[in-house]
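Student: Have a look at the structure that comes next, please.
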Amino acid sequence: MRYTEYLFSAYKHNQACRVLKEKIDQYDESKFNTEEVKFLILNLYYLSGYIIECSMKFKIFELCNYDRLTEINESGCNVRGINYRRDIKNHNFDILQNTLSSFIGDFPHMSKNKSVNILIKKWNPEIRYQNIIVDYDHVVKFYEHTVEFLKKTNKV
């Protein structure tokens, strides 16, 4: 895998989230307690988290000047001071943020919105297997935050 594929993945997840949001918005709010809509909302939350994760990983490799044409591997990471297994091959936003911060100071993945930050802190890939209920309005704010983070990642 080349590091630019992380950015491509973030954009793919964003497209899927956009479609999910459009689908959910077609439902009357009285239907939000149905299993179908709860499932769609949870998937919007789940995939939105991957927008942050993939964006952060892309930015880490971009900032450490990893060759765009070279496959990511442990030795290539080691040369750049990155422990691939610890710093990249995980789904932990805090670890990714620490790695990212070692290359660029002020590039936080957190939001100014408390409800969004709660969802950021709770996010992990295992939520797709859980039967949790998340507030749609908060998930939409979370998704909007991830879109802004993606845009920022691709600009800086």
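Student: Could you please give the count of residues in segment 81-120 that are without any contact (Cβ under 8 Å) to a residue 12 or more places away in the chain and either of a type in the set (Val, Ile, Thr) or part of a helix (DSSP H, G or I) (or both)?
Tutor: Total satisfying the criteria: 8.
Student: Where residues in segment 1-35 are of a type in the set (Asp, Glu) and at pLDDT below 95, which of them is most open to solvent (accessible area, probe 1.4 Å)?
Tutor: Only one residue fits best here, namely Glu29.
Student: Tell me the residue from Phe93, Phe107 that is modelled with pLDDT under 90 and open to solvent by less than 20 Å² (accessible area, probe 1.4 Å), please.
Tutor: Being modelled with pLDDT under 90 and open to solvent by less than 20 Å² (accessible area, probe 1.4 Å) holds for just one of Phe93, Phe107, which is Phe107.
Student: For segment 42-66, enumerate the residues that are more than 15 Å from Gln97 (Cβ to Cβ), open to solvent by 10 Å² or more (accessible area, probe 1.4 Å) and in a helix (DSSP H, G or I).
Tutor: Leu42, Asn43, Tyr46, Leu47, Tyr50, Glu62 - these are the residues of segment 42-66 that are more than 15 Å from Gln97 (Cβ to Cβ), open to solvent by 10 Å² or more (accessible area, probe 1.4 Å) and in a helix (DSSP H, G or I).
Student: If you don't mind, there's one more thing I want to ask. Considering only residues that are more than 21 Å from Glu36 (Cβ to Cβ), modelled with pLDDT under 95 and either among the hydrophobic types (A, V, I, L, M, F, W, C) or open to solvent by less than 70 Å² (accessible area, probe 1.4 Å) (or both), which ones fall in segment 124-148?
Tutor: Across segment 124-148, the qualifying residues are Asn124, Pro125.
Student: Follow-up question, since we're still on this one. Condition test on Tyr84, is it open to solvent by 10 Å² or more (accessible area, probe 1.4 Å) and in contact with a Lys or Arg (Cβ under 7 Å, 6 or more places away or on another chain)?
Tutor: Answer is no for this residue.
Student: Return yes when Tyr11 is assigned to a helix (DSSP H, G or I), touching a residue at least 24 places away in the same chain (Cβ under 8 Å) and farther than 30 Å from Gly76 by Cβ and no when it is not.
Tutor: No: the conditions fail for Tyr11.
Student: Run down Thr153, Thr99 and say which single residue is under 13 Å from the mean Cα position of the chain (by Cα) and β-branched (Val, Ile, Thr).
Tutor: Only one candidate passes the filter, namely Thr153.
Student: Given the structure, is Asn98 open to solvent by 50 Å² or more (accessible area, probe 1.4 Å) and polar (S, T, N, Q)?
Tutor: Spelling it out, Asn98 is indeed open to solvent by 50 Å² or more (accessible area, probe 1.4 Å) and polar (S, T, N, Q).
Student: Using the structure shown, decide if Asn124 is more than 12 Å from the chain's Cα centre (by Cα) and over 20 Å from Glu29 (Cβ atoms).
Tutor: No: the conditions fail for Asn124.
The values are calculated or read from the model by the stated rules, or taken from the named source; none is laboratory data. Keep in mind it's a predicted model, so treat the numbers as computed, not measured. Ideal geometry is used to build each Cβ from the backbone, glycine not excepted, and the neighbour counts take in all protein chains shown. These accessible areas exclude ligands, DNA and RNA; they are computed on the full protein's heavy atoms, side chains included. Shrake-Rupley method; radii C 1.70, N 1.55, O 1.52, S 1.80 Å.
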